Each structure stands twice: as C-alpha cells, then as structure tokens.
Amino acid sequence: MGRQAGEIAEILRYKELLRNLVTRDIKVRYKRSVLGFLWVMLNPLLMMLVMSMVFSGLFKVSTPNYTSYLLSGIILWNFFSQSTTTAVVSLVSNSSLIKKIYIPTAIFPLSVVLSAVVNFLFSLVPLLLIIYVTGGALSGRVYLLPVILLLVALFSFGVALMLSTLTVFFHDTIYIYEVLLMVWMYATPIFYPESIIPGKFLFVLHLNPFYYYLTIFRGALYLDVSAVSVKLLYGLCFSLASVAAGWLFYRANKDKIVYHL
Amino acid sequence: MDSVMIEATDVSVRYRLLKEKPRTLQEYLIQRLKGKRHDHEDFWALRDLSMTVRKGETFGIIGRNGAGKSTLLKAIAGVLRPTGGSMRVEGTIAPLIELGAGFDPELTGAENIYLNASILGLSRGQIKGKFQGIVDFSELREFIYSPLKSYSSGMVARLGFSIATEVDPDILIIDEILSVGDKQFVRKCNERMDLFRKKGTTMLLVSHNLDEIADVCNKALWMDHGKAMMCGEPGPVIERYLRSVS
C-alpha cells in the first residue's frame, strides 16, 4: 500500500509536467489546420450530420429527438475511443524520454485522458446548442454531468493504463484494440435505440459499461431515464473495476517496462 | 565535501535476451502452443558494481562501448531498478542525456522551456523564476517565441543545455554532449561547468574523450563488462584503461 501511495504522490509532484503535456496536446493537435481548435466541435457535428442522413430513416420514428440522441452518443463515445486509442501508444511513443529521465510513467496515459476531458468539455457546446435548436428541454438532472464525466474518465484511464502497458510487451495490442473498439461501438446504442436489440442479446447490452454511461449521459442532458440511481451504481462499479485492474496491471509490470521499450 | 551523494552497493542489472523473442502476440501464442520454453540468455549489463560519489566531485566514467556506462547512468537516474544490490541517491538529478529528447518541434522555445523543465520535475513557480536565466544563457531571445522546428540543431542544443543547467540540480549527469554548438558556446558551457564545480554540484561525466576526463574530473571509474575495474585519481585510472585497450 505504501508503494501505491508513493506512486500517486510522485504523479502529483509532477503535476506541472501533467499540465504541460495536456496543453501541449491541445495546442499541437490542430496547430497546422486553418480552423484549429474549432475542429473539436465541428468533428462530432459533421459525424452526426452524416450518420443522421444515413440512419434517420431507420430510427427516427422510434427515437424521440434523434439528432440529440445521436450527437450525445457520438460525443461520449469519441471521448472514450479517442483517449484510449491515443493512450495505447503513449508509453511506446515516449520511450526516448522514459529510457533516459526518471518520470512517473503513468503520467503519459493520464495526460492523454485528461486532454480528452478538455476536448469533451468543448464538444458539449455544439451538443447543448443542438438540444436547444431541436426544441428539447434540458433535463432536470444536469447535475449528473460532472458525475458521468468522472465515471467515464476513470473507466478510460483504467483501460488506457492497461493497454499502454500491454503495448510495450506486445505491439499487436494496437491493432487488436482497433478491431475490438469497432465491435464495441456497434454493440453500443450510439446511433440506434436500445429497443431494437432482440431479447436474447440484451445480456450483451447489460454487460456493456457504455450502455449505463450513455443512458446516464442522455438522462443528464435531455432524456427522461428510469432507474438512474441503479445505472449510476453499475457505472460506478465498472469504473472502479477498470481503474483497479489497470492500476494493478501497470504496477505489476512497471519495472519491466523500461527493459522492453 | 564528504557527504555521500551516490552510493551503489553490489548493483547488478540483468537484461533478459530471449532467443527467438516473441515479438507479437501471435508468435507468443504459437510458441506457447508448441510447448516451447522461452530459452533466454542472461546478459549482465552491470555486475556487482559498487561505487561512491561524494558531494562536489566531478566523477568521470570511462570504458569501451558496451561496458555498461549508460546502464549505470540509467540506474543512477532512477530509470532502471537494479536487478540486485542497492542504489542510494541523495538530492535532485538532472540528466543531460541526448539533448532535446523532451522537446516538441511544434511548440515555441518558450513553451518548450516549460515542458522540458517540468520533465525535470520543476514546479511552475520554479520555472517562472528561472525562465529569464534560461533564455539569457541560451542567447535565443529573438527566437524564443518561434516554433522549435525553425531552430537549427545547434540552437536546440543550446536551449537544452541552458535548461538542464539552470535547473540547478544537486547531481548533473552528462553523457557525451559537450561537443555541441559553436566554439563560443562550448566555452560558455565549460565556464558554467567550472561554476558548478565551485558551487559544489556533483557531476557525473561519461566520455570517450580521455583528455577531457583528465582535465575536468577529480575522480574516475573504469568499467569493463559491467564491472568496476578501477576507481580513483583520473590519471592512473586512464593509464590502466589505455594499457588494457592496447
């Protein structure tokens, strides 16, 4: 337990580095583009536009306020998929630093997740706009927004820690994860309503943490959702399990990382 | 002048060199299915190495390529946890290894100062306090708000040296870098090293330039195959090393 606390204290001691890594990521990502940081908001909007053209005929009837449904799904999923796919290579791509200077290594996947949090916050702006424009009323549960953000961030950090460590030993992780992520996306009610899932596959839905996260997220924004507290509890369990698993896996392999980079 | 800054006791570092190392998950699974044991060879980069560096010493490390010098520096910097033995280090360390490892070409010089200094563990307040000194020493004032990708390699090296030394560490690790920059800047670097020596900063220097070791160090360690062969006054250590090479 003492060593766990030591590691966390080390990360806190390097909080200025964490800050700089996050701001660097935000500054550099869109630096060469004309529209720059606006892309954080434009990207989900355009994706929503395309997907709603493709799918609205199919799902519009059964889904109230389909544009908001779609955009909220895209934004929350992007937060997770972006942070984890970037984090997969976060240790490998910083190997020149990790091999030469002592840094608490977990700071790299952590910084990736934190910059995804910033992007997520900015992409909330077009989402709230769309909800307003399409005539939806903001839900009375807006106070759940920071809660769901924290839950998904924790979940993503656990996955990020696990994958970034695994990639050091097996590069294939990068490519396997890409495929898994695609399967995961299609298994999640992002652009289709959960009502179209046949009964015998409902158990898949109930094992999917993003079912809970998405429902709470939509409930916090505009949708009337039942049994929110139960879903919150499930969500919390998934988040804690992910962080615990990621952290233990990272700790168990931490000293070996530098030999394999 | 005699408090111990670095104390290595019987430090060993083992690299596992797998024969037919599985590089991918697929190969790993295939090897597992075939029931192949992972044959590995142990390679000891450091073997029962003991050394003591005291405060204010300029400590030179010499030896042929592959003798374990860089591994020793990594163990001292805390990058590697030794397989055996113990490594005790007092105070802050700034490594000056491969200048610019922590730079981002898209960021400006000023932003890179903040990034790089925080890699060395400094807080925001500390960096703010040292910022002007870093800029002044690097002589890059007109370029400091331009992106680093527009710098020449000499300019990047100057910025790196300025940051690592302005950080004012207790222990400065220098791995073969003093050949960077033009003559004038090399002189400035040497002057700054003199200043560090006078101030009592401990310095570790790895170099193949034996004249430099003889010049600036007051203690030297000769390593071969991961072992400490001889430690003491630079003159005799270098002499023994040269005799073993020829």
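The values are calculated or read from the model by the stated rules, or taken from the named source; none is laboratory data. Keep in mind that this is a model prediction, so the values were computed, not measured. Every residue, glycine among them, receives a Cβ derived from its backbone with ideal geometry; neighbour counts consider all protein chains shown. Areas reflect the complete protein model, heavy atoms only, side chains present, ligands, DNA and RNA absent. Shrake-Rupley method; radii C 1.70, N 1.55, O 1.52, S 1.80 Å.
Okay, here's what the table says:
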read-out: Burial of 30 Å² or greater, region A:77-100 residues [accessible area, probe 1.4 Å, versus chain by itself]; value: A:L97, A:K99, A:K100
read-out: Solvent-accessible area buried by pairing B with A, both sides, nearest 100 square angstrom, 1.4 angstrom probe; value: 2800 Å²
read-out: Solvent exposure ordering (accessible area, 1.4 Å, most first) of A:V34, A:V228; value: A:V34, A:V228
read-out: Partner aspartates and glutamates for B:K149 [C-alpha distance under 14 Å; skip if fewer than 8 residues away on the same chain]; value: B:D104, B:E106, B:E111
read-out: Solvent-accessible area per residue for region A:2-260 (1.4 angstrom probe, square angstrom); value: 46 Å²
read-out: Region A:25-100, Rg to Rh (Cα coordinates; Rh as Kirkwood inverse mean 1/r); value: 1.15
read-out: Region A:2-260, accessible surface, carbon-and-sulfur percent (1.4 angstrom probe); value: 72 percent
read-out: Cut-off under 5 Å, modelled amide H: who pairs with B:T58 long-range; value: B:M203, B:N218, B:K219
read-out: Gyration tensor verdict on chain B (Cα atoms; rounded if a/c is under 1.5, prolate if a/b is larger than b/c, oblate otherwise); value: oblate
read-out: Length-normalised contact order of chain B in % [C-alpha pairs under 8 Å, at least 6 apart]; value: 27 percent
read-out: Percentage relative contact order, region B:92-169, counting C-alpha pairs under 8 Å, at least six apart; value: 48 percent
read-out: Solvent-accessible area, 1.4 Å probe, carbon plus sulfur percent, for region B:92-169; value: 52 percent
read-out: Helix-only [θ]222 nm of chain B, DSSP H runs n ≥ 4, -39500 (n - 2.57) each, per residue, nearest 500; value: -12000 deg cm²/dmol
read-out: Accessible area (Å², 1.4 Å probe, nearest 10) - A:F170; value: 40 Å²
read-out: Residue-averaged [θ]222 nm for chain A, counting only DSSP H segments that reach four residues, each worth -39500 (n - 2.57); value: -25000 deg cm²/dmol
read-out: Between region A:112-155 and region A:208-261, the alpha-carbon center distance in angstrom; value: 16 Å
read-out: Percent of Cα-Cα distances greater than 45 Å, calculated over the protein assembly as shown; value: 26 percent
read-out: Mean Cα-pair separation over length for region A:2-260, i.e. relative contact order, pairs under 8 Å, 6 or more apart, %; value: 25 percent
read-out: Ranked order, A:Y192, A:Y102 - accessible area, probe 1.4 Å, largest first; value: A:Y102, A:Y192
read-out: Spatially proximal lysines relative to B:K219 (Cα-Cα < 18 Å; intrachain offsets below 8 disregarded); value: B:K55, B:K69, B:K198, B:K199, B:K227
read-out: Gyration tensor verdict on region B:92-169 (Cα atoms; rounded if a/c is under 1.5, prolate if a/b is larger than b/c, oblate otherwise); value: prolate
read-out: Charge dipole (debye, nearest 20) of the protein assembly as shown; +1 at Cβ of Lys and Arg, -1 at Cβ of Asp and Glu; value: 780 debye
read-out: Lysine pairs with alpha-carbon atoms under 27 Å apart, chain A, spacing 8 or more or separate chains; value: 15
